[in-house]
Amino acid sequence: METVPSSSLYPLHRCKILHLVRHAEGIHNVAGAEKYKTSPELLDPRLSPLGWEQVENLQKHVHACGLLERIELVITSPMLRTMQTAAIVFGGDNHKNGNGASPLMLENGKNDHATVSSLNCPPFLAHELCRERLGVNTCDKRGSISEYKSLFPAIDFSLIESDEDILWKEDVRESDEEVSARGMKFMKWLWTREEKEIAIVTHSAFLFQTLPKFVYNCHPSTKNEICKFFANSELRSVVMVDKSLNVVDAAQTTQSGTGRIPFALDLLSEVANAKRESNDNHHQQMGVTEQKKNRHCYCFIDLYIRSK
């Protein structure tokens, strides 16, 4: 009797690697500050002294493990605490060593950190869909985009339509269902991007309400590993798989204009097909007449082993 395997295979072109980061500690996260979350003084709060230490530590980890070299895009919520976290963790060197590159984050009264260069770092893009739960709490209301552009010159704010925050309402707090729906919309938007490995710097409620929507068929231990509450400055990496039957952009999944999906990253599809036909002829010569129903899976596994 056949048993169900504990692992599975999926085409690489239908997968994205996401590196999810909750922002480092903000001044609104400091013990005792919760009761002041509706105070005007906590409008779009910056990182706390501990928060700056947290981003420095995470930056060291990201560089030491080689993660920064693989990331193709950094998406950040357009809040001060997330952009500060993103700039330090995934940005370039101190700007004085930037060799003329545009600054990613400027040192000033709100950014209590030396200017960060955009040299040798991936592009940065701000997106409203991955913001914290909207409404009521002033700590979740952003500042103006015109001010942000002067603080973070190398971040792309082109997807944000309004200079002022028109999404935040003083008397209406976004529900769990609304945050989840916004998260689903954001994840769907990610599939319109061509990048395969993306860092996302966002917020606790956004992650807590969005991630459970994608683990309905996971083992409880895996679900807990993905969905448990994020600590400040925590990095968690996941693989997102597209299981729909939508047609994938042929320009991104084929080689040499053949219209066929390549079976391996380091082997042209023509070579893979020739190898497959050679294998078929060999089996026929050996008297094997059974039709190969799982031909593509067989070839993928064979080429994967061959690449070792």
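The values are calculated or read from the model by the stated rules, or taken from the named source; none is laboratory data. In this text, all values refer to a predicted model and were calculated from it rather than measured experimentally. Every residue, glycine among them, receives a Cβ derived from its backbone with ideal geometry; neighbour counts consider all protein chains shown. The area values use the complete protein model at the heavy-atom level, side chains included, leaving out ligands, DNA and RNA. Shrake-Rupley method; radii C 1.70, N 1.55, O 1.52, S 1.80 Å.
Results, tabulated for the structure shown:
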read-out	value
Leu9 of a type outside the set (Val, Ile, Thr), modelled with pLDDT under 85 and open to solvent by 30 Å² or more (accessible area, probe 1.4 Å)	yes
Odd one out for Glu164, checked against (1) farther than 21 Å from Val74 by Cα; (2) outside any helix (DSSP H, G or I); (3) open to solvent by less than 70 Å² (accessible area, probe 1.4 Å)	(3)
Per-region count, region 143-158, residues open to solvent by 80 Å² or more (accessible area, probe 1.4 Å) and not polar (S, T, N, Q)	1
Residue within region 199-219 that is assigned to a loop (DSSP other than H, G, I, E, B), among the small types (Gly, Ala, Ser) and either over 23 Å from Leu235 (Cα atoms) or open to solvent by less than 20 Å² (accessible area, probe 1.4 Å) (or both) present	no
Index of the failed condition, Leu50 passing every other in (1) in a loop (DSSP other than H, G, I, E, B); (2) open to solvent by 40 Å² or more (accessible area, probe 1.4 Å); (3) modelled with pLDDT of 90 or more	(1)
Qualifying residue in region 184-196 (condition: part of a helix (DSSP H, G or I), open to solvent by 20 Å² or more (accessible area, probe 1.4 Å) and free of Cβ contacts under 8 Å to residues at least 40 places away in the same chain)	yes
Conditions (1) touching a helix residue (DSSP H, G or I) at 6+ places or on another chain (Cβ under 6 Å); (2) surrounded by fewer than 20 Cβ atoms within 10 Å (Cβ to Cβ); (3) more than 30 Å from Glu170 (Cα to Cα); (4) not small (Gly, Ala, Ser); number of the one not met by Val89	(2)
Selection status of Asp171, charged (D, E, K, R) and under 23 Å from Met105 (Cβ atoms)	no
Among the residues listed as Arg173, Arg81, the single one being open to solvent by 50 Å² or more (accessible area, probe 1.4 Å), within 19 Å of Gly26 (Cβ to Cβ) and touching a Gly at 6+ places or on another chain (Cβ under 6 Å)	Arg173
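Conditions (1) touching a Phe, Trp or Tyr at 6+ places or on another chain (Cβ under 8 Å); (2) within 26 Å of Lys196 (Cβ to Cβ), marked per residue:
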residue: Met83; (1), (2): yes, yes
residue: Phe90; (1), (2): yes, yes
residue: Ser102; (1), (2): no, yes
residue: Lys110; (1), (2): no, no
residue: Ser117; (1), (2): no, yes
residue: His127; (1), (2): yes, yes
residue: Gly135; (1), (2): yes, no
residue: Ser158; (1), (2): no, yes
residue: Asp171; (1), (2): no, no
